[in-house]
Amino acid sequence: MTTATATFQPRPTRSSRGRLRVRTLAVIRWIAVAGQAAALLVVQFGLGYQLPLLPCLIAVAALALVNLLGQIRRRQSQRLMTDREAAFFFAFDIVQLAVLLYLTGGLHNPFSVLILAPVTVAAAALSLRSTMGLAALSILSVNVLAIYHMPLPWGDGTFVLPRILLIALAIALALAVIFITFYVFRVAEEMRRMSDALSEAQASLDREQRLSSLGALAAAAAHELGSPLGTISVIAKELAHDLPNDSPFRSDVDLLLSQSARCREILKELSSRPAESGEHPFEMIPATLMVELAAAPHQQPHVALRIETKPDPVDPDVPLVPHRPEILHAFGNLMQNAIEFAQREVKVNVAWSREWLSIVVSDDGPGFSDTLLARLGDPYLSSAARGDTESRPGDHMGLGIFIAQNLIERTGGTVGFQNNSYHGAEVRVTWPRESLEND
């Protein structure tokens, strides 16, 4: 049993959307320009060490110029248009810093650790392909600086690091680039996936609420139009009674009567379907009815749905739950999964006491794999993470369970997953009665 969701609008690919505003990148660069210029001037004039000041200032000016042109080209509030463009900005930053380090001692310079900064920021914002390219460029720069560089400015010019220490420093920086880049990218990617999935869950909930509002509007329109339509019908009948049969207006009056009667039938049909109109979206309904409503759109002829109850001896009445779109949508996802992967039967057990309500959905399908159980609730699960060997109906990258779990938790409930005694999937949803009754 895997997950299923409603159809969503396709998300923009990560390579096609900018994650940093021009202003954000510009501020970081102006800080870098100010820091580099200040460090050069302090070392040259404050500490008295001789630097190739003119080439160094040219490198700093190049960073300032590129930053200024980038701000002029785009509005400060506009995001970078492509992932590639942002990668080019960071690549320039790495090269500019490498040139500055080359002029001031290479890896002998303690500021060489700053080579990690651009690729770390890029890992948090860009795609995997761009991040890997920038990491490779950083490692290449470190290796080049370990071999080729101008002497480190020193008082007597005799300071030289042992070659083995220089090689170790290059290896350490390269490993730091790999580790920090991978770690930051994974954390940022997980946050992006969670944000995307939550946005889709919210969009699905908004769609349900819009449909509910539309139904309420239709019911209200049917009620308000009843009186004027009745007046039109009465007047049309009086005209038909007063007109002779051979009147040229007779056919028009008959048409008016027939169309007004048709309108009355339409309004009557709208008014007679309050459950579909969503006139009372916060109405309390029995938990068993909620399960039936959630399962109804997904039922299949070859799968039987069996709902069992286990009442509390002290409180035998079936608990009421809010008739809310998020609860119906969450259970709709769970019921759809169970029905799609069941072989013959889906069993729903509803149990309660004075303190809690528990709904357990079980099926006789293949159940959850061990790999999947460890990651259920994560959005966009890959096929490898699910342990699937082939494509199956209802398989939608983990969004269904993620959305259902988040919607249920928003209402105060908890969701647990396991396999039942006959190896099918089992989902247990539990609410404190207080959170449902005070909703």
Within a 10 angstrom radius of the beta carbon, how do T411, T120 rank from fewest other beta carbons to most?
T411, T120
Which order results if S260, S362 are arranged by neighbouring Cβ count within 10 Å, fewest first?
S260, S362
antiparallel share of DSSP beta bridges within the range 284-437, to nearest 5, in %, is 75
Rounded if a/c is under 1.5, else prolate if a/b beats b/c, else oblate: with a ≥ b ≥ c from the C-alpha gyration tensor eigenvalues square-rooted, which is the range 22-168?
oblate
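When V177, V160, V66, V119 are ordered from fewest to most other Cβ atoms inside 10 Å of their Cβ, what list results?
Listing V177, V160, V66, V119 from fewest to most nearby Cβ atoms yields V160, V66, V177, V119.
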Orientation-averaged projected area, Cα convex hull of the range 400-439 (nm²):
3.2
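Read the figures in this text as sums done on the coordinates, not as results from a lab. A quick note: this is a predicted structure, and the numbers were derived from the prediction, not measured. We place every Cβ from the backbone using ideal geometry, glycine too, and count neighbours over all the protein chains shown.
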